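Asker: Let me give you the structure first, and then I'll get to my questions.
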Amino acid sequence: MIKTAGPVTAEFSQKPAHRRLARALLNGLIFLAACAAGCALAGKLAPFPEVPGIFPKWSYFRENRDRIDVLFVGSSRFYHQIIPAQFDAAVGQVRSFNFGYDGMWPPESFYLLRKLLALRPAHLKWVVIDLMDINTQLDERNNYTMRMAYWHDLRHTALTFRDIVATRFHPEQKFDLFLQHGRLCVSQILNLGCGADFLKTRLIPSPPRKTFIWEAGAGFEPEPSRGMEGKIRDGFVMTVERLKTGIAPAPVRPVFRDALHELIRDVRRAGAEPIFVIAPTINGRENFTEVPDGVAVFGFNHPAEYPELFDPAKHYDAWHLNEQGAVDFTEILAEKFIERRKAQP
């Protein structure tokens, strides 16, 4: 005899549909929260990502961190313009490392510096930072690369969002930037693609280690030795002559100032002292003023004061010194550093 289900009774009552839906949503949220927590934990345990260009320098610093006293962190204006060997010889009794790299602006440079400090270098005393404003623009050609994603943790993505809100961008542009940076943050937090990278490193033999030019120069790699020519040179000379008559001050924006305060605090907590450097530039908007008090700022952006750093024969292009220009810049930077060290041992 086959029994069929009887009518619903008080003892076996069905739950209302809205209660079943709420329970399903709650289970889904718990599942997503567990996934997010697992991904976050995996991110904490995962090694530094193998970002092209950045990872080899990070590995070098990790291996040599306890022998470094002075760390340079910045963009190509440090990477190709500060020579550690020359700096060390001029200053005496220090060993420096140039962790500059092409296109490395804040917030990326701030994220990377915090990662380097987290390695707890035992003898680090000075951190020389390329003073550049926050850049929230994204290059469409590199939007989906590891280089764009790796620094998008919650802290530095939040800094990006605050800066976007404070800018005068069109609302549509702001919305688009929010979406792009938010997508990169989600990708970084969830460690998308890290599983494949992990398996690749475990299952596929590593290729022979590549030797980089900057290894022999403690992080420095020179630009070509030629100077500027033709119309590019003429335009550069015109701009320099105009800047010699004076450069309007560019007060640091509130969001940028707050970010600098936090960075200064983190560097000092690590037992080091920050120094900010405005590299030789023809961008008048980088004549920063109102930088947080108590921190040294070396400004090399005044052609009237440093004419040798604006000689077109010593520039590879309008924005970068060639190798001879880097020698001159390093010499002047070392002199300023010695003065600062005497004033604040």
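The values are calculated or read from the model by the stated rules, or taken from the named source; none is laboratory data. From a predicted model like this one, the values you see are computed outputs, not experimental measurements. Quick reminder, even Gly has a Cβ in these numbers, built from the backbone with ideal geometry, and neighbours come from all protein chains shown. All accessible areas refer to the heavy atoms of the entire protein, side chains included, with ligands and DNA or RNA removed. Shrake-Rupley method; radii C 1.70, N 1.55, O 1.52, S 1.80 Å.
Asker: Which numbered condition in (1) without any contact (Cβ under 8 Å) to a residue 60 or more places away in the chain; (2) on the phi > 0 side of the Ramachandran plot; (3) of a type outside the set (A, V, I, L, M, F, W, C) is the only one that H123 fails?
Answerer: Every condition holds for H123 apart from (2).
Rundown of residues vs (1) assigned to a helix (DSSP H, G or I); (2) closer than 25 Å to Q324 by Cβ, yes/no style:
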| residue | (1), (2) |
| --- | --- |
| A216 | yes, yes |
| P224 | no, yes |
| I232 | yes, yes |
| T239 | yes, yes |
| G271 | no, no |
| T281 | no, yes |
| G294 | no, no |
| F298 | no, yes |
| E305 | no, yes |
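Asker: Consider K210 carefully, then state whether it is more than 30 Å from F161 (Cβ to Cβ), assigned to a loop (DSSP other than H, G, I, E, B) and open to solvent by 70 Å² or more (accessible area, probe 1.4 Å).
Answerer: yes
Asker: Does region 81-137 hold any residues that are open to solvent by less than 40 Å² (accessible area, probe 1.4 Å), of a type in the set (A, V, I, L, M) and not in a loop (DSSP other than H, G, I, E, B), and which are they?
Answerer: V91, L112, L113, L116, L117, V127, V128, I129
One line per residue, one yes/no per condition, for (1) crowded, with 16+ Cβ neighbours inside 10 Å; (2) under 26 Å from V91 (Cα atoms); (3) among the hydroxyl-bearing types (S, T, Y); (4) in contact with a strand residue (DSSP E or B) (Cβ under 8 Å, 6 or more places away or on another chain):
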residue: F256; (1), (2), (3), (4): yes, no, no, no
residue: R265; (1), (2), (3), (4): no, yes, no, no
residue: E273; (1), (2), (3), (4): yes, yes, no, yes
residue: P280; (1), (2), (3), (4): yes, yes, no, yes
